[in-house]
């Protein structure tokens with residue numbers, strides 16, 4: 001059975017808007033991630049770093065060198081290269 005997947009806005013900042021995936025009938029992937037690490041867990045410091053980086057990238061902008069071409073239609077869609085950061 002195929003699932004319907006939506007791309008939904010996660011956060012909008014001055015220079016970058018972040019999006020996440022949402023499967024039909026489920027919460028967003030970002031919400032599922034953060035639900036795994038509730039406030040007061042052993043990973044609070046790490047989660048705070050992730051949140052600060054999301055805010056930093058949102059305010060300063062994303063550097064294109066950390067993105068890779070993803071399009072097959074030459075529409076300049078860029079994906080991430082998290083393994084190269």
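Say whether the condition of being touching a helix residue (DSSP H, G or I) at 6+ places or on another chain (Cβ under 6 Å), surrounded by 12 or more Cβ atoms within 10 Å (Cβ to Cβ) and assigned to a strand (DSSP E or B) is met by at least one residue in segment 19-28. Yes, segment 19-28 contains a residue that is touching a helix residue (DSSP H, G or I) at 6+ places or on another chain (Cβ under 6 Å), surrounded by 12 or more Cβ atoms within 10 Å (Cβ to Cβ) and assigned to a strand (DSSP E or B). On the stretch given as segment 40-54, residues that are free of Cβ contacts under 8 Å to residues at least 12 places away in the same chain and surrounded by 10 or more Cβ atoms within 10 Å (Cβ to Cβ) total 10.
May I ask you to verify whether residue 48 is assigned to a helix (DSSP H, G or I), more than 22 Å from residue 5 (Cβ to Cβ) and modelled with pLDDT of 90 or more? In short, yes.
If the condition is being over 21 Å from residue 9 (Cβ atoms) and loosely packed, with under 12 Cβ neighbours inside 10 Å, then segment 29-39 contributes 36, 38, 39.
The values are calculated or read from the model by the stated rules, or taken from the named source; none is laboratory data. Source: prediction; values computed, not measured. No Cβ is skipped: glycine too gets one built from the backbone with ideal geometry, and neighbour counts run over all protein chains shown.
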